[in-house]
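Heads up: the structure comes next, in structure tokens.
The values are calculated or read from the model by the stated rules, or taken from the named source; none is laboratory data. Keep in mind the model is a prediction, meaning the values are calculated, not measured. Reconstructed Cβ throughout: ideal geometry from the backbone, glycine too, with neighbour counts over all protein chains shown.
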């Protein structure tokens, strides 16, 4: 991320180095004034549009106002990419203003997601602290994790969606079975899919959740390609009150749904981090990724249970038994529901069995 009208050369250099190392760089232009260069993967016009503003109009605004627009748009687009599993880390470049601009966006990413800020003013008075004591005090007061705010409009837009699926009157439990590699190519148990967990185990967990929470609606999450996988697991589980929502979950709706739910069971995924950031309690299954680096952290106080497995001494999600997930779920402190919190009319959730 950089203001490409002033740091374009440096950004392209870093992108070239990343590409040569096998990574896929994604350049985001945060320029506060419009320009004609078109070498960013995400142009400034798109960032400004994400904040509901025309990039061209920033030419007439103060630097502070223009920065606020690009921070808002950049944060929205970065979080959207991250939740989809398309971002593994972020690098920013900037001087005094660019450093403040980029760091304001990087703070939206969950704790321990890799972030690097390359600044021309690091360690100088321009960095924003009058002295080292002030710097250390501010850093010590920072709460680890990510807080994601759900707008009132997102909550309002969610209601008709819930009513249409007869979910509005029931407390919700969410399940994320798939991940970005699930349906990418061929068999699900490819070596590249280290977040695969057998359908039979998911079905066993679903039966446990249904037995423990007979009044809750269970919603299966995912993207379009994961809809068929959810159907397979639902058929194996053979329980009532199950809704497969993978065919109709854009990011804003997913985040609003997470903010409403009593809890979530998921593989290590973008929705896991979003859940922690909106205060949704969750059980998360890890494969080869290190929980010490990638576990969900939220500042909204959600209870998070992390499960890891091993096969032949190596980290492997297949080493996690269904009974371990069920036990973790049973010990999870679910979000309490208020009287009337789910009181809209709509009846019971539709059964997929």
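Listing for the model above:
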quantity	calculated
Residue match in segment 84-93 (condition: more than 21 Å from the chain's Cα centre (by Cα) and surrounded by 17 or more Cβ atoms within 10 Å (Cβ to Cβ))	yes
Condition broken by residue 123, with the remaining ones in (1) within 16 Å of residue 28 (Cβ to Cβ); (2) at pLDDT below 90 satisfied	(1)
Residues satisfying the stated conditions in segment 290-330, i.e. outside any helix (DSSP H, G or I), in contact (Cβ under 8 Å) with a residue 40 or more places away in the chain and under 15 Å from residue 272 (Cα atoms)	295, 296, 297, 298, 299, 300
Subset of segment 38-63 that is in contact with a helix residue (DSSP H, G or I) (Cβ under 6 Å, 6 or more places away or on another chain) and closer than 19 Å to residue 15 by Cβ - its residue that is surrounded by the most Cβ atoms within 10 Å (Cβ to Cβ)	47
Any hit, segment 251-263, residues being buried (at least 22 other Cβ atoms within 10 Å of the Cβ) and under 16 Å from residue 205 (Cα atoms)	yes
Candidate set from segment 220-241 (those that are assigned to a loop (DSSP other than H, G, I, E, B) and touching a strand residue (DSSP E or B) at 6+ places or on another chain (Cβ under 6 Å)); member that is nearest to residue 198 (Cα to Cα)	221
So residue 75, is it out of contact with any strand residue (DSSP E or B) (no Cβ under 8 Å at 6 or more places or on another chain) and surrounded by fewer than 18 Cβ atoms within 10 Å (Cβ to Cβ)	no
Given (1) out of contact with any strand residue (DSSP E or B) (no Cβ under 6 Å at 6 or more places or on another chain); (2) within 15 Å of residue 174 (Cα to Cα); (3) modelled with pLDDT of 95 or more, number of the condition residue 201 does not satisfy	(2)
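Conditions (1) crowded, with 22+ Cβ neighbours inside 10 Å; (2) more than 27 Å from residue 218 (Cβ to Cβ); (3) at pLDDT below 90, marked per residue:
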| position | (1), (2), (3) |
| --- | --- |
| 137 | no, yes, yes |
| 149 | no, no, yes |
| 154 | no, no, no |
| 157 | no, no, no |
| 163 | no, no, no |
| 167 | yes, no, no |
